[in-house]
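Engineer: One structure follows; several queries about it will come next.
The values are calculated or read from the model by the stated rules, or taken from the named source; none is laboratory data. For clarity, every value in this text was computed on a predicted model and none was experimentally measured. Positions of Cβ are backbone-derived with ideal geometry, glycine not excepted, and every protein chain shown enters the neighbour counts.
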Amino acid sequence: MPKFFKKDELMCPCCGECCMDFDFLDKLITARSFANIPFVLTSAYRCKKHNEEVGGSPTSSHLIGKAVDIAIRDNHERFIIKRSLFEAGFLRIEDGGTWIHVDSDEEKDQEVEWRP
């Protein structure tokens, strides 16, 4: 299991499947090292059923193991986490206020940051 993260954080809460992309995880571990603060994951891999249950997009990067959502407690933590994600090379970040979605889906627009 990768440094900093437990298997139960990465697997689908519905079925227990854990199909995270290894390159994505390497980059996430690099970002976590840069940040030097915990990343509390609220969503990682999702099976199709769970993605539908949570209202996820049918093209969600969670379905292919190339996305996580990270809980954010305050603006300082948001700054540190976002900076570390950019430094690690992530090019797709969504700022949801109390969470950050990050993915490495090459099939989608790159060098974008958005809000829901």
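Engineer: Out of all the residues in the stretch 40-60, is one or more out of contact with any Pro (no Cβ under 7 Å at 6 or more places or on another chain), among the acidic types (Asp, Glu), within 18 Å of Phe86 (Cα to Cα) and surrounded by fewer than 18 Cβ atoms within 10 Å (Cβ to Cβ)?
Structural biologist: No, the stretch 40-60 contains no residue that is out of contact with any Pro (no Cβ under 7 Å at 6 or more places or on another chain), among the acidic types (Asp, Glu), within 18 Å of Phe86 (Cα to Cα) and surrounded by fewer than 18 Cβ atoms within 10 Å (Cβ to Cβ).
Engineer: Report every pair of residues separated by at least 6 positions or lying on different chains whose Cβ atoms are under 8 Å apart, first residue within the stretch 92-103 and surrounded by fewer than 18 Cβ atoms within 10 Å (Cβ to Cβ), second among the small types (Gly, Ala, Ser).
Structural biologist: Final answer for the pair search is Thr98/Ala71.
Engineer: Here is a list: Glu77, Glu52. Which entry is touching a residue at least 24 places away in the same chain (Cβ under 8 Å), assigned to a helix (DSSP H, G or I) and over 19 Å from Glu111 (Cα atoms)?
Structural biologist: Values: Glu52 fails: touching a residue at least 24 places away in the same chain (Cβ under 8 Å).
Matching residue, one of Glu77, Glu52: Glu77.
Engineer: Can you tell me how many residues in the stretch 90-108 are part of a loop (DSSP other than H, G, I, E, B), more than 19 Å from Phe5 (Cα to Cα) and touching a helix residue (DSSP H, G or I) at 6+ places or on another chain (Cβ under 8 Å)?
Structural biologist: Qualifying residue count for the region: 2.
Engineer: Output the residue which, of all residues in the stretch 80-89 that are in contact with a helix residue (DSSP H, G or I) (Cβ under 6 Å, 6 or more places away or on another chain) and either β-branched (Val, Ile, Thr) or not in a loop (DSSP other than H, G, I, E, B) (or both), is surrounded by the fewest Cβ atoms within 10 Å (Cβ to Cβ).
Structural biologist: The qualifying residue surrounded by the fewest Cβ atoms within 10 Å (Cβ to Cβ) is Glu87.
Engineer: Still on this structure, I have one more. Filtering the stretch 62-74 down to residues that are assigned to a loop (DSSP other than H, G, I, E, B) and either on the phi < 0 side of the Ramachandran plot or among the hydrophobic types (A, V, I, L, M, F, W, C) (or both), which residue is surrounded by the fewest Cβ atoms within 10 Å (Cβ to Cβ)?
Structural biologist: Asp74
Engineer: Let me ask something additional. Would you mention how many residues in the stretch 1-19 are within 13 Å of Leu41 (Cα to Cα) and among the hydrophobic types (A, V, I, L, M, F, W, C)?
Structural biologist: 5
Engineer: One residue is enough: does the stretch 34-51 have a residue meeting the conditions within 13 Å of Asp103 (Cα to Cα), aromatic (Phe, Trp, Tyr) and at pLDDT 95 or above?
Structural biologist: yes
Engineer: Taking the stretch 25-49, which residues are farther than 24 Å from Asp109 by Cα and part of a loop (DSSP other than H, G, I, E, B)?
Structural biologist: Those that are farther than 24 Å from Asp109 by Cα and part of a loop (DSSP other than H, G, I, E, B): Asn36, Ile37, Pro38, Phe39, Val40.
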